[in-house]
């Protein structure tokens with residue numbers, strides 16, 4: 001549900017669990033050898049430089065992959081609930097007042113000429129859009145996501161809060177992606193997360209200006225039912241590489257505001273007035289022109305970003321792709337954002353906008369790091 005802004009998070013800096021290289025844009029590359037403590041010199045191939053990218057192993061080995069695959073039975077998929085973002089706990093949080101309501105990300109409101117709808121069976125809906133399922137504590141949840149191009153055909157884009165639990169200060173568990181999810185069906189395969197890549201400011205500070213994540217995945221599988229001992233059992237069947245199966249959006253960053261964009265996702269949660277217009281079982285989409293006019297949300301550390309007006313996405317659409325240049329015939333376009341938060345700007349009973357972090361050079365850096373990893 002949408003929540004009234006009550007807390008302002010400031011001055012909190014918590015180190016990410018894993019941090020990799022930092023090379024400032026526009027600066028010359030360092031020498032191939034550099035001194036470390038004690039005057040010893042080592043090759044840069046042997047050290048990790050900070051570049052603001054955090055990486056976290058999810059299920060890197062074949063045994064890990066099999067364990068996660070075995071966990072997600074069809075029954076568990078049905079039991080999963082929509083996931084709503086949380087802020088990072090802070091002992092130094094300060095109270096503030098604001099008329100703005102910000103809540104977890106949701107789907108498109110069909111009240112303007114720019115709004116449209118579809119489902120995974122609709123030919124206009126991109127097959128690379130789907131759901132991610134994961135566990136936080138002892139509960140199963142889901143968000144929206146999409147496949148994005150990489151040389152190894154194994155990459156998924158979603159919201160940072162759909163892969164990393166800020167309250168627990170660690171990645172979520174048993175993370176999988178199901179593209180073309182439709183009414184409980186996973187015909188295009190289930191893809192187990194291998195490694196999570198995100199900006200260190202999200203993992204370390206809970207900064208929703210960096211609420212994006214890129215996850216490499218293993219080869220997919222599908223469940224094939226069979227009967228044994230009078231009971232229905234399931235065996236896994238190889239589904240191949242993600243991008244070979246459903247295609248992928250191309251990545252795009254540093255684009256000007258004011259462009260037309262399609263937002264896709266699986267909204268399911270309630271509107272502020274309590275109504276539930278969406279089931280979360282099919283893809284919904286809306287179209288609009290992005291805005292830079294952006295009210296700050298201190299509780300979520302949001303100071304910058306991109307807003308899409310007239311979209312009333314509710315919980316469940318978090319992590320869904322924002323796509324520019326989408327071609328419904330070729331099922332392709334450029335990923336240029338993800339649904340992060342919803343906004344109730346006019347104080348009415350319905351969410352009236354959604355927002356995405358602005359995809360800039362920092363986002364590109366995280367994406368590029370993720371594209372270098374082979375998982376097959």
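The values are calculated or read from the model by the stated rules, or taken from the named source; none is laboratory data. All figures in this text were calculated on a predicted structure; none of them were measured in a lab. Heads up, the Cβs are rebuilt from the backbone with ideal geometry, glycines too, and the neighbour counts pull from every protein chain shown.
Checked against (1) surrounded by 24 or more Cβ atoms within 10 Å (Cβ to Cβ); (2) without any contact (Cβ under 8 Å) to a residue 60 or more places away in the chain, residue 319 passes all but a single condition, namely (2). With respect to (1) farther than 24 Å from residue 290 by Cβ; (2) touching a residue at least 12 places away in the same chain (Cβ under 8 Å); (3) touching a strand residue (DSSP E or B) at 6+ places or on another chain (Cβ under 6 Å), the lone exception for residue 240 is condition (3).
When we screen 70, 144, 150 for residues that are out of contact with any strand residue (DSSP E or B) (no Cβ under 6 Å at 6 or more places or on another chain), buried (at least 16 other Cβ atoms within 10 Å of the Cβ) and at pLDDT 90 or above, the only hit is 150.
Which ones in the stretch 344-358 are crowded, with 24+ Cβ neighbours inside 10 Å and within 15 Å of residue 208 (Cβ to Cβ)?
If the condition is that a residue be crowded, with 24+ Cβ neighbours inside 10 Å and within 15 Å of residue 208 (Cβ to Cβ), then 354, 355, 356, 357 are the ones that fit.
When residue 270 is tested against (1) touching a residue at least 24 places away in the same chain (Cβ under 8 Å); (2) more than 21 Å from residue 183 (Cβ to Cβ); (3) over 20 Å from the mean Cα position of the chain (by Cα), only condition (2) is not met.
So that you can scan it fast, the table gives a plain yes or no per residue for (1) within 20 Å of residue 144 (Cβ to Cβ); (2) within 15 Å of the chain's Cα centre (by Cα):
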residue	(1), (2)
247	yes, no
256	no, no
265	yes, yes
282	yes, no
301	no, no
312	yes, no
316	yes, yes
336	yes, yes
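Among the conditions (1) touching a helix residue (DSSP H, G or I) at 6+ places or on another chain (Cβ under 6 Å); (2) surrounded by fewer than 17 Cβ atoms within 10 Å (Cβ to Cβ), the only one that residue 257 does not satisfy is (1). For the stretch 55-85, the set of residues classified as without any contact (Cβ under 8 Å) to a residue 24 or more places away in the chain and in a loop (DSSP other than H, G, I, E, B) consists of 61 only.
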